[in-house]
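What follows is a single structure, written as structure tokens, with notes after it.
The values are calculated or read from the model by the stated rules, or taken from the named source; none is laboratory data. The structure displayed is predicted, hence computed values, not measured ones. A quick note on method: Cβ atoms are made from the backbone with ideal geometry, for glycine too, and the neighbour counts reach across all protein chains shown.
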Amino acid sequence: MGNLRNVRARDTDWDGVRLHVVTGKGGTGKTTVAAALALALASGGRRVLLVEVEGRQGIAQVFDLPPLPYEERKIAVAPGGGDVYALAVDAEEAMLEYLEMFYGMRRAGKALTRMGVIDFATTIAPGFRDVLVTGKTTEAVRRKGKDGRRVYDAVVLDAPPTGRVARFLNVTNEVAGLARVGPIKHHADLVNGVVTSPETAVHFVTLLEEMPVQETLDGLDELREAGLPAGGIFTNMVRESLLPKRILDAAVKGRFDPAELTLGLKAAGLAEGRTNASAMAEALAEEITEHAHRTRLERRERLSLDRSGRPRYELPLLADGVDLAGLYELAESIHAQGAA
Amino acid sequence: MKTAPVLDLDAIIDDPGTRIIVCCGSGGVGKTTTAAALGLRAAERGRSAVVLTVDPARRLAQSMGLSELDNTPRPVVGVAGEGRLHAMMLDMKRTFDEIIEAHADPDRARQILTNPFYQSLSSSFSGTQEYMAMEKLGQLRRSDEWDLIIVDTPPSRSALDFLDAPERLGRFLDGRLIRLLTAPAKAGGRSAFKLLNAGLGIVAGALTKLLGAQVLKDLQTFVSALDAVFGGFRARAEQTYQLLQAPGTAFVVVAAPERDAMREASYFVERLAEERMPLAGLVVNRVHHAPAAALSAARSTAAAEDLESRGEHDLTSAVLRMHAGRMYLAAREQREQEHFVSAHPTVPVTQVPAMPEDVHDLSGLRRIGELLSAR
């Protein structure tokens with residue numbers, strides 16, 4: 001990241017977007033990508049809020065921190081001197097805050113909690129819960145400081161998985177049947193104003209595998225139907241093939257000839273004698289064939305993703321798993337590809 | 001690696017005493033595929049099995065010949081041998097509707113089914129889905145049409161929701177809040193809140209402000225109608241819970257050899273023990289092996305570097321790099337599994353190797369079944 005000082009002047013694919021919603025099928029690394037995106041957006045002296053809403057404490061795990069409270073706190077410094085804040089939204093706390101902020105009802109709020117109102121809200125009408133947590137998130141997006149400027153340059157929301165995200169964001173619709181007028185409806189309309197505006201982009205995290213790709217494409221359709229703004233597709237854990245195409249093509253057809261490899265193994269001093277070398281070459285040939293099949297499948301999945309017409313970003317598989325250093329590596333990759 | 005006992009799934013599916021197998025685990029680890037493969041294998045080994053899936057991927061559903069979500073067990077065509085296999089996809093709303101219709105007189109049922117709160121509750125994804133999956137499981141078990149039911153748990157944000165949901169829903173319907181909300185019906189239609197003490201009054205006031213008067217009224221109507229129907233709601237939840245604890249039930253925790261999934265699996269194993277649910281063992285899906293495992297990652301990398309520096313045998317050095325990557329991945333997966341085994345040394349484990357492609361048809365499922373049982 002050589003020219004971080006120029007970040008502000010640089011065009012990214014999502015200039016003007018303030019709410020980045022990140023979704024993905026389970027197991028695709030949605031929280032990791034959300035965290036890396038927050039770091040990338042903050043780089044060069046910006047202030048970014050990373051929000052999680054499912055009570056999993058995923059952000060704390062990714063940044064290797066103790067569990068986060070319901071409070072915006074600084075958790076990381078971005079490359080080039082920006083700040084990432086984090087918030088684990090809790091529906092119950094959000095409700096208490098909401099009651100206090102709009103109605104000055106702290107005591108009543110506590111009573112509601114004791115009565116199990118949150119149990120109630122999540123059980124009987126999950127739409128209410130969604131309104132509360134998306135409400136908190138969009139409030140952070142809109143919040144302005146004393147100088148009249150937005151407090152956060154961007155907010156990244158680690159959202160529910162792909163299958164649920166359109167429903168989660170489409171709160172107006174979710175509560176429409178329940179509340180046609182009144183404060184809940186008003187609150188939902190405010191949320192809706194933010195999430196359907198060009199200030200929002202819903203990004204998908206996927207792997208180059210059939211099911212996550214299919215879910216991504218289905219998710220994009222659902223967003224379109226719900227009138228929500230689609231963002232980019234982040235393909236995670238990509239392993240580049242080092243093998244030449246002619247080898248892969250031959251291997252897929254079961255026609256890989258291990259003779260050349262046998263010679264190479266002997267030259268490298270890995271095998272003594274012909275039998276030993278060719279046995280090793282045979283075993284490696286098996287790996288090559290599997291690799292070739294997977295590479296072909298990945299190519300097919302890439303093409304399906306390309307057909308969606310959405311901007312695409314590819315993030316490498318981290319050799320050592322996701323640790324803090326790996327997170328910065330992903331952030332750099334996101335930055336270099338122009339997503340932030 | 002500390003050696004975990006081997007999970008012998010064939011012994012479990014062959015045991016006529018096994019009546020229910022619950023596959024659970026975090027999202028994206030191949031739970032549904034595991035459930036379907038176990039179902040097929042059980043049927044082909046002579047059982048009369050039904051697989052209840054909650055939210056299968058389209059192609060997996062197609063591989064069992066399921067094309068629609070119609071809440072009815074459909075025979076799976078192409079099963080070899082004496083046994084039989086049915087499969088069904090849960091229709092959460094219809095299952096809920098059926099409970100209402102079975103327990104309420106037509107008038108009251110209509111009142112409930114058309115209420116906006118009921119519609120939200122019955123078609124939402126959290127809580128209700130878990131409850132309805134358990135309800136359906138109970139129905140299938142009571143029907144006694146199959147001697148083995150294999151159920152795939154909902155893709156919850158946390159695997160535990162599925163154990164908690166029935167109780168939560170039950171607790172909620174029996175709760176104080178319900179008493180508060182049903183008060184108007186019991187007070188003959190007059191405003192209930194006048195009759196309540198000061199503490200409840202505050203809550204009622206807050207609810208009115210928060211929800212608005214119309215919402216509160218809809219809610220009261222709904223809750224009082226539902227309350228009458230679900231007199232024994234908690235008892236029902238309790239029954240399902242006991243069914244899961246019964247000796248004929250086997251929980252199979254499914255994971256992938258990655259940190260999050262293994263952590264979730266660990267958590268689940270502990271939780272099942274706490275709840276005295278019978279755990280059969282852990283299935284680790286998508287494990288990477290290297291056929292040329294005798295060649296270590298370090299040696300492979302060193303040899304590749306050597307060839308590269310000499311500018312010879314490009315292909316061999318690329319293959320050696322690929323192999324080293326695969327060995328590193330296998331080692332990392334191994335470490336994740338070792339963590340689990342150290343923490344839970346008595347839990348039987350079985351592994352399924354990673355496959356390049358997803359399952360599309362019965363023969364793919366059959367292959368997974370063989371791998372699940374391979375020793």
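Each row is one residue, and each column tells you yes or no for (1) touching a Pro at 6+ places or on another chain (Cβ under 6 Å); (2) touching a residue at least 24 places away in the same chain (Cβ under 8 Å); (3) more than 25 Å from B:A324 (Cα to Cα); (4) at the interface with another protein chain (Cβ under 8 Å from one of its Cβ atoms).
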residue	(1), (2), (3), (4)
A:L284	no, yes, no, yes
A:I288	no, yes, no, yes
A:R296	no, yes, no, no
A:R299	no, no, no, no
A:D306	no, no, yes, no
A:G321	no, no, no, yes
A:L324	no, yes, no, no
A:L327	no, yes, no, no
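Matching residues to (1) free of Cβ contacts under 8 Å to residues at least 24 places away in the same chain; (2) more than 14 Å from chain B (Cβ to nearest Cβ); (3) buried (at least 24 other Cβ atoms within 10 Å of the Cβ); (4) among the acidic types (D, E):
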residue	(1), (2), (3), (4)
A:N170	no, no, yes, no
A:L178	no, no, yes, no
A:E199	no, yes, no, yes
A:L207	no, no, no, no
A:M211	no, no, no, no
Exercise. In this structure, is A:L270 within 11 Å of chain B (Cβ to nearest Cβ), more than 35 Å from the chain's Cα centre (by Cα), outside any helix (DSSP H, G or I) and buried (at least 16 other Cβ atoms within 10 Å of the Cβ)?
Worked result: yes
Exercise. Quick one: what pairs do we get from the range B:45-72, first residue on the phi > 0 side of the Ramachandran plot, second of a type in the set (V, I, T), C-beta under 8 Å, 6+ apart or different chains?
Worked result: B:G65/B:V76; B:G65/B:V77; B:N71/B:T95
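When you scan the range B:161-277 for helices (runs of 4 or more DSSP H) that lie fully inside it, which ones turn up with 2 or more residues that are modelled with pLDDT of 75 or more, within 14 Å of chain A (Cβ to nearest Cβ) and farther than 30 Å from B:V352 by Cβ?
B:213-229
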Exercise. How many residues does the range A:213-240 contain that are more than 14 Å from chain B (Cβ to nearest Cβ) and under 17 Å from the mean Cα position of the chain (by Cα)?
Worked result: 10
Seminar exercise, completed: Filtering the range B:315-365 down to residues that are at the interface with another protein chain (Cβ under 8 Å from one of its Cβ atoms) and of a type in the set (D, E, K, R) yields B:R321, B:R326, B:R332, B:E357, B:D358
Seminar exercise, completed: In the range A:123-168, anything surrounded by 22 or more Cβ atoms within 10 Å (Cβ to Cβ), over 15 Å from the mean Cα position of the chain (by Cα), away from chain B (no Cβ under 12 Å) and not in a helix (DSSP H, G or I) is listed as A:Y152
Problem set entry | Selected residue (only one of B:A4, B:A42 is part of a helix (DSSP H, G or I) and either touching a Gly at 6+ places or on another chain (Cβ under 9 Å) or in the same structural domain as B:R271 (by TED's automatic domain parsing) (or both)) | B:A42
Problem set entry | Near pairs, Cβ below 9 angstrom, 6+ apart or cross-chain, from the range A:6-28 (part of a loop (DSSP other than H, G, I, E, B)) to any residue that is modelled with pLDDT under 85 and surrounded by fewer than 16 Cβ atoms within 10 Å (Cβ to Cβ) | A:R10/A:N3
Seminar exercise, completed: The number of residues in the range A:29-63 that are at pLDDT below 95, more than 14 Å from chain B (Cβ to nearest Cβ) and part of a helix (DSSP H, G or I) is 0
Seminar exercise, completed: For A:P66, the lone unmet condition from (1) free of Cβ contacts under 8 Å to residues at least 24 places away in the same chain; (2) within 14 Å of another protein chain (Cβ to nearest Cβ); (3) under 24 Å from A:G321 (Cα atoms) is (2)
Exercise. Scanning for something within 13 Å of chain A (Cβ to nearest Cβ), under 24 Å from A:L207 (Cβ atoms), in contact with a Leu (Cβ under 8 Å, 6 or more places away or on another chain) and outside any strand (DSSP E or B), does the range B:284-301 turn up at least one residue?
Worked result: yes
